[in-house]
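Visitor: Structure below; questions to follow.
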Amino acid sequence: MKRSFVCVMLGALFFSNSILLVNNVQAAKEAVISFLSNEKGDYDIFIINTDGRIRERLATDAMRKSSLTCAPKGYRFAYTSNEHGNLDIYKMDIRNKNPVQLTEHPDRDLWPAWSPNGKWIAFVSDRGGSRDIYRMDVDGSNLIRLTDEGNNGRLAWSPDSQLIAFDSRRGGNHSIYVMDANGGQLKQVTDDLPLWSGCTWSPDGKQIAYAAGILEEGVDIFTIDVDTKNINRLTNMGIGFRSGNPAWSPDGNWIAYSVLQVDELPNPANGFQIIFSDSTIYLIDIQGGIVEPLKKTIDLSSDHVPVWISEDFFSVSPDASKQTVTWGEIKQP
């Protein structure tokens, strides 16, 4: 399903005594992938185990959603939707499935991120003329603008909710920056880099993972120590592969990320655009450096965005909107 819309979330529950092997990589038995699929025009949330088995399906509504972010506790998530004609931020409780609009502006509001303390949702908006970062309470009140410079991309909260990391183009440079939750104490973390989408904090708050590189050599996942600036390259995907949207697991052992491969180079027939193939979610073991694709995400979508989510997000009583399905059932037309 090339270039179709699917937003992906990666979730991990607590480790149990039983473990499974994913191509010789030990992963938590209860680790799951959940994602929004427009396979049948419904944008339901599908939950899939790391071994590729479909666990359950949660129906929400048929409105297009992207950039999901989950509350640290409870059943709520926030997302971007054009339900009313332009891109705004919404939230939803998966128990009642009622969307609640949090922003209402004629310009685009993008990439919400729920703070780990549960108090705020930060997002990116071009309502001020350039892409800046804003923060609001989870009910949409007390909106404040945190940046007023540069062209800013996806953001990530630190584990203690005190800091925000983000990529930004400023003065011709493209770097990872960190600021406090009120927009102060801005600090440049990386040198100028060819950055791609997304960054993520390690659970101890000491490192940030990000995607960087050029397609001619491959876009890979790196980590940087926030204090020492030591950089570690984690992947070597190769020419024509683009990694992005890294997400660090709560136990610190894994990073999930999406991978796209160049399908067509720019040419007159495609409007001189780079066309990517369907994306795949990969896991990398931080300790062993072993990289593994989650094979059931191959050929699913061109826009996987993994996010680790908490156990209670899935603690929903079974009802008519919750079904156990197989992969084959999803793929049927």
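Visitor: At a threshold of 8 angstrom on Cα-Cα distance, excluding pairs fewer than six apart, so keeping six or more, what relative contact order does the stretch 133-284 reach in percent?
Guide: The normalised contact order for the stretch 133-284 reaches 13 percent.
Visitor: Return a whole-number percent for the relative contact order of the stretch 98-213, with Cα pairs under 8 Å and 6 or more residues apart as the contact set.
Guide: 16
Visitor: Could you run the Karplus curve 6.51 cos²θ - 1.76 cosθ + 1.60 with θ = phi - 60° over the stretch 147-164 and give me ³J(HN,Hα) per residue in whole Hz, x for Gly and Pro?
Guide: Using θ = phi - 60°, the values come out as 10, 9, 8, x, 10, 9, x, 3, 10, 9, 7, 6, x, 8, 6, 8, 10, 10 Hz.
Visitor: Just to confirm, what accessible area per residue do you get for the stretch 98-168 at 1.4 Å probe, in whole Å²?
Guide: Result: 41 Å² per residue.
Visitor: Also: What is the set of long-range amide H partners of Asp109 at a cut-off below 5 Å, with H atoms built 1.01 Å from backbone N?
Guide: Here Leu87, Asp88 satisfy the definition.
Visitor: Right, next: Spelling out what I want: for every residue of the stretch 135-145, take phi, set θ = phi - 60°, compute 6.51 cos²θ - 1.76 cosθ + 1.60 (Karplus), and round to whole Hz; glycine and proline get x.
Guide: 9, 9, 5, 5, 9, x, 8, 6, 6, 9, 8
The values are calculated or read from the model by the stated rules, or taken from the named source; none is laboratory data. Remember, it's a predicted structure, so these values are computed and weren't measured experimentally. Please note that ligands, DNA and RNA were not included when accessible areas were found on the heavy atoms of the full protein model with its side chains. Shrake-Rupley method; radii C 1.70, N 1.55, O 1.52, S 1.80 Å.
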